[in-house]
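Here is the structure we will look at.
The values are calculated or read from the model by the stated rules, or taken from the named source; none is laboratory data. The structure displayed is predicted, hence computed values, not measured ones. Glycine also receives a Cβ, built like all others from the backbone with ideal geometry; neighbour counts cover every protein chain displayed. For the accessible areas, the whole protein counts, side chains as well, though only heavy atoms, and no ligand, DNA or RNA atoms are used. Shrake-Rupley method; radii C 1.70, N 1.55, O 1.52, S 1.80 Å.
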Amino acid sequence: MALRGYACYWCSEDGKAGVENEEDGDDLKGTIWMLSSALLFAANTLLIRAASLAAGGADGWQAALFRGGVGILILLIFFGGGRGFSPKRMFVNRLVVMRGLIGGFGIITFYITITELGAGRAIVINLTYPMFGTVIAALWLKEKVTVTTACWLVVATIGLVIFLSDERMNVAPSFYDFVGLAGAFAAGWVVVIIRKLRNQEHPATIYGAQATCSILMGLPFLGDTVQLPFAGWGLLTAGAVIVTFSQLIMTSAYQRLSIAKGTSLQMTLPIFTAVGAFFWFGERFQAHELVGALVTLVAIWRVAGRKRKIPPSKYVPQ
């Protein structure tokens, strides 16, 4: 059960921004990209879990350091030299700066709630971010959200509550529950910012802001990172490579999908992670957990299967 708690916002918070007054597109490629990014995020989660088992000192903070450092290196290799990645614009575009800072706040709050509330409760609270993101997108980007879509997002969340339920789910609300909700709000805000930026910045620049923030958060743990064994370095590096491409794929997917549809597809992340844990770590699940997963999948299908067609917009270099 603890493993599923890692499948959270910090590994799943990028997207891409859109033009105001657009309706969500019924784009098969965008849907495939979004599901692919969720699969890659799940693989990253499993690699971090494997690193923590192989090297007892490996944790989420060190994973953030690797994620940021390796991510910046990949962006420079594949998108540097005028091919899209602009380090300068990470610091001069107000929205890009906000993307990094708010994303960093969301990561910090998740780590705090994982420790204080337990994995299951923390991830359920964090995965309320699609509702926050949908509301913010409706107000800011004027994305149309039907009552039916909102209801299915609530059903999907209820399914995750069942799927991720543990002995701490019945604990009365505490201060850290509100901390978790603040992090979920930040996550919802971030995906809307990224979608807002889709016609202004290249995906590499948008993700670069998050990678830079990850480096800053992980720097206090640099000393512990140096002492990790080779297995820890290898697994964390592999996870960082995977999460970088998953973030870029997700960013591109948000060019074609609304916030409601994109975030609903990302709610498959804990389920993908659990499937991987079943085969890799031998985790087992009870009948009610499987029912919760099925409820979530049906609700996501109802949100993602709505039929609307618009041409995807393209990034225009500044």
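Assorted remarks:
- Length-normalised contact order for segment 150-267 - Cα pairs under 8 Å, 6+ apart - percent: 45
- Computed lengthening from Leu101 to Phe281, 0.36 nm per intervening residue step minus Cα-Cα distance: 61.4 nm
- For the pair Leu294 and Leu216 in one chain, pulling the backbone fully straight at 0.36 nm per residue adds 24.2 nm over the alpha carbon distance.
- For segment 257-263, Karplus couplings with θ = phi - 60° (6.51, -1.76, 1.60), whole Hz, Gly/Pro x: 10, 6, 4, 4, 6, x, 5
- Shape call, segment 175-263: gyration tensor on alpha carbons, a/c limit 1.5: oblate
- In this structure segment 43-125 gives 39 Å² per residue of accessible area when probed at 1.4 Å with all protein chains present.
- Calculated FRET efficiency for the pair Phe178/Val226, C-beta based, R₀ 51 Å, to 0.05: 0.90
- Ligands, DNA and RNA left out, the 1.4 Å accessible surface of segment 132-249 is 77% carbon and sulfur atoms.
- Heavy-atom surface of segment 185-318, accessible at 1.4 Å and reported per residue (Å²): 41
- The residues packed around Arg94, meaning those with a beta-carbon under 12 Å from its beta-carbon, carry a net charge of +2 if Lys and Arg are +1 and Asp and Glu are -1.
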